[in-house]
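Single-structure report; data block below.
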Amino acid sequence: MAKYLLRLYDDRLGAKKAPEQNYPALNRVLYVCDGLATVRNKGTTAATLSENSAWYSAGETSVTAGADGTHVLRYELIPNTAGDSDGLISGDGISSTLLYHAEVDLTPGDDYLIRCDRVDIPPSGIAYTHTHQGPGIRCLLKGGFSVETQGHKTYIDAGEAWFEAGPDPVLAYAPDDRPGNFSRVMILPRHLLGKSSISYVNAEDASKPKLQRYTIFIDEFITI
């Protein structure tokens, strides 16, 4: 096993703006929160992403905002080696912020699955105590959220991010007056392609009605 970094950036590009430099080649997911973004792998055809859509690439990537600008969540998986840049982008009309980074243990040369999905939980909705089969970073898009794990309770506001290691049991729920809608990227075993990664800690919770909805945007095999 070796240490890798899973990072999440908040990138905001003004109307028709593009970063001064392309994103370098590495495992990356772009999730568009707002606006339109034209995304292109080096040497390939471009795609235009609208609000609530995502793109995966392991190659060098360029991004240009649409006429009204764009707000992008950028998830990256990189080796945790000395000398790596901070990953921020720059340019006229552009802001870039590192929202979260977390070390994850992965086996070099092994095959994994990178998943980007969105979870929508209505007001008072509960994600009963559960685990996942891999680590991931989440970012709350709308509403509020509470996360309890390892004896600690954290309140999450819209725009804030958090990390779940996977095997640690988590209880999470939305407040009574707001939803808890979030974007998520996880690193999972390949056999979970198209399948849920969740396991409920208490057997009785598995059969309870679930109010949350899941939308998978990206399920891509990666090799690290």
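The values are calculated or read from the model by the stated rules, or taken from the named source; none is laboratory data. Because the structure is predicted, anything quoted here is derived from the model rather than measured. When we count neighbours, we look across all protein chains shown, and the Cβ atoms used for this are built from the backbone with ideal geometry, even at glycine.
Tabulated data for the structure shown
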item	result
Candidate set: the range 125-144, residues that are without any contact (Cβ under 8 Å) to a residue 60 or more places away in the chain and among the small types (Gly, Ala, Ser); chosen: the one surrounded by the fewest Cβ atoms within 10 Å (Cβ to Cβ)	GLY144
Which listed residue, of LEU5, LEU36, is more than 28 Å from ASP110 (Cα to Cα), part of a strand (DSSP E or B) and aliphatic (A, V, I, L, M)	LEU36
Subset tally (residues that are surrounded by fewer than 17 Cβ atoms within 10 Å (Cβ to Cβ) and either of a type in the set (Asp, Glu) or modelled with pLDDT under 95 (or both)) for the range 27-47	7
Within the range 48-134, strands (runs of 3 or more DSSP E) holding 1 or more residues that are modelled with pLDDT under 95	53-57, 61-79, 94-106, 111-121
Selection count where residues are farther than 16 Å from GLY125 by Cα and surrounded by 15 or more Cβ atoms within 10 Å (Cβ to Cβ), scope the range 145-158	2
Test: PRO79 is surrounded by fewer than 20 Cβ atoms within 10 Å (Cβ to Cβ) and on the phi < 0 side of the Ramachandran plot	yes
Filter result for ASP219 (touching a residue at least 12 places away in the same chain (Cβ under 8 Å) and in a loop (DSSP other than H, G, I, E, B))	no
Test: residue in the range 205-214 that is more than 21 Å from TRP162 (Cα to Cα), outside any loop (DSSP other than H, G, I, E, B), touching a residue at least 12 places away in the same chain (Cβ under 8 Å) and not aliphatic (A, V, I, L, M)	yes
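Here's the yes/no breakdown for (1) hydrophobic (A, V, I, L, M, F, W, C); (2) over 24 Å from TYR112 (Cα atoms); (3) within 15 Å of the chain's Cα centre (by Cα):
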| residue | (1), (2), (3) |
| --- | --- |
| TYR4 | no, no, no |
| LEU8 | yes, no, yes |
| GLN21 | no, yes, no |
| PRO24 | no, no, no |
| ASN27 | no, no, yes |
| LEU30 | yes, no, yes |
| CYS33 | yes, yes, yes |
| ALA37 | yes, yes, no |
| ALA47 | yes, yes, no |
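Yes or no, residue by residue, for (1) β-branched (Val, Ile, Thr); (2) at pLDDT below 95:
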{"site": "ILE137", "(1), (2)": "yes, no"}
{"site": "LEU140", "(1), (2)": "no, no"}
{"site": "GLN150", "(1), (2)": "no, yes"}
{"site": "TRP162", "(1), (2)": "no, no"}
